[in-house]
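J.: Pasting a structure here, questions to come.
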């Protein structure tokens, strides 16, 4: 199954966009969607930490296998619990769904063509 190249697939130190990829995947997302005390490594914040090998990092999930881990993900700590160690899932499940309502500007809804105005 073909996939469009992602920022992650192009994020290497050689192109200088690894920092942009990390920010777009964490802080910018938290800023846009509004969960408080998330998205940055700061004292008192909830943090998920992922250690990647940027030379090997490549998304491998697709629509048929959405749970495949990306290549090059070495370790992941989710809310302080090791979820991935040495590139393998540990079986620990410390994450939880965040319930929130994003700001209106984050998810503008456009009416379908021909639909009456609200």
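The values are calculated or read from the model by the stated rules, or taken from the named source; none is laboratory data. Keep in mind it's a predicted model, so treat the numbers as computed, not measured. Cβ placement follows ideal geometry from the backbone for every residue including glycine, while neighbour counts extend to all protein chains displayed.
J.: Taking the conditions exactly as written (modelled with pLDDT of 85 or more and in a strand (DSSP E or B)), does residue 56 satisfy them or not?
T.: No.
J.: Any residue in region 12-23 that's closer than 17 Å to residue 71 by Cβ: show its pairings with residues that are assigned to a helix (DSSP H, G or I) and modelled with pLDDT under 80 at Cβ separation under 6 Å, as long as the two are six or more apart or on different chains.
T.: Going by the 6 Å Cβ cut-off, the qualifying pairs are 21/7; 21/8.
J.: A further question follows. Could you check region 32-45 and list, in sequence order, the residues that are surrounded by 13 or more Cβ atoms within 10 Å (Cβ to Cβ) and modelled with pLDDT of 85 or more?
T.: 38, 39
J.: Next question, about the same structure. Being at pLDDT 90 or above and loosely packed, with under 14 Cβ neighbours inside 10 Å is the requirement here; does residue 101 meet it?
T.: No: the conditions fail for residue 101.
J.: Scan region 60-91 for residues that are surrounded by 12 or more Cβ atoms within 10 Å (Cβ to Cβ), at pLDDT 90 or above and assigned to a loop (DSSP other than H, G, I, E, B) and report the count.
T.: Number satisfying all stated conditions: 7.
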